[in-house]
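Scroll down for the structure; my scribbles are underneath it.
The values are calculated or read from the model by the stated rules, or taken from the named source; none is laboratory data. Here the structure is a predicted model, which means the values were calculated and not measured. Here Cβ is always computed from backbone atoms with ideal geometry, including for glycine, and neighbour counts include all displayed protein chains. All accessible areas refer to the heavy atoms of the entire protein, side chains included, with ligands and DNA or RNA removed. Shrake-Rupley method; radii C 1.70, N 1.55, O 1.52, S 1.80 Å.
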Amino acid sequence: GSMHMYKADANFYGGNGIVGSQAPLGAGMAFAHKYNNDGCCAFALYGDGASNQGQLFEALNMAALMKLPLVYVCENNQYGMGTSKKRSSANDDYYTRGGYVPGIKCDGMNVLSVRECTKFLKKHAVEVGPIVVEFDTYRYHGHSMSDPGITYRNREEVAQVRATRDPVDRVKKYCLDTELVTEAEIKEIDKEIKAEVVAAVEAAKSAPMPDPSELWTDIHVGQTKDFFMRGPDITTSSGVYGTVV
């Protein structure tokens with residue numbers, strides 16, 4: 001998932017496996033933007049399942065005090081793992097929960113709405129200070145491979161959302177209605193993308209397994225060959241015990 005993706009040269013700092021922990025990290029990144037006075041802002045994303053994490057509110061308080069250029073993005077897909085928002089949150093209007101920080105709600109299934117809303121969010125964060133946005137979206141599938149996705153909802157609900165709010169179908173309709181593309185061009189685009197995905201899957205399946213030593217690669221910036229990193233037990237560690245550079 002996205003927690004394993006990271007690309008610093010594109011200003012994308014990924015995530016991690018601790019629910020909601022990107023909230024204070026986002027505040028730190030926003031502080032760096034303010035300190036450097038570079039005219040940029042930070043976007044910190046979390047789901048409705050992480051919306052009740054205490055660290056989110058701690059970081060939001062600091063962001064408000066320092067007027068940091070920060071956008072907190074709640075991706076509300078209606079189900080935190082397998083729990084409905086109505087069962088987990090006393091207030092599920094997530095955009096209102098910043099209290100002293102303003103909030104806005106946007107249709108997260110409409111690419112044009114998301115684009116225009118994001119423009120406003122950046123402008124507000126840079127010129128005024130922190131803001132919370134709730135992108136109202138929906139998850140078609142299970143939270144993970146072990147989640148069939150239909151034990152806490154029914155297939156009819158999923159089908160209804162797919163039929164009425166699907167973002168890809170909606171943007172296709174926009175393009176056709178405004179004559180930006182033809183049906184034939186859309187089919188060709190679909191064909192090219194499917195071929196690209198199939199090729200990527202096949203490349204991943206046919207690639208050799210990485211050497212176990214890669215587990216210790218690029219864990220720390222500038223780590224030396226002897227830099228000590230402890231494994232599940234001391235016998236499976238890497239480096240020389242006691243070496244810290």
Fill in: Test for K86: is it assigned to a helix (DSSP H, G or I), open to solvent by 70 Å² or more (accessible area, probe 1.4 Å) and in contact (Cβ under 8 Å) with a residue 12 or more places away in the chain
no
Worksheet entry | Hits in the range 48-71 - residues which are small (G, A, S) and in a loop (DSSP other than H, G, I, E, B) | S51
Item to complete: Scan the range 73-92 for residues that are under 16 Å from the mean Cα position of the chain (by Cα) and not polar (S, T, N, Q) and jot them down.
Response: V73, C74, E75, Y79, G80, M81
Worksheet item: Quick one: in the range 219-238, which of the residues that are at pLDDT below 90 and charged (D, E, K, R) is most open to solvent (accessible area, probe 1.4 Å)?
Response: K225
Response to the item:
Restricted to the range 93-137 and to residues being among the acidic types (D, E) and farther than 21 Å from K173 by Cα, the residue farthest from the chain's Cα centre (by Cα) is E127
Discussion item. Being closer than 20 Å to V126 by Cβ, in contact with a helix residue (DSSP H, G or I) (Cβ under 7 Å, 6 or more places away or on another chain) and small (G, A, S) is the requirement here; does A63 meet it?
Written reply: yes
Discussion item. Considering only residues that are surrounded by 19 or more Cβ atoms within 10 Å (Cβ to Cβ) and hydrophobic (A, V, I, L, M, F, W, C), which ones fall in the range 102-116?
Written reply: C106, M109
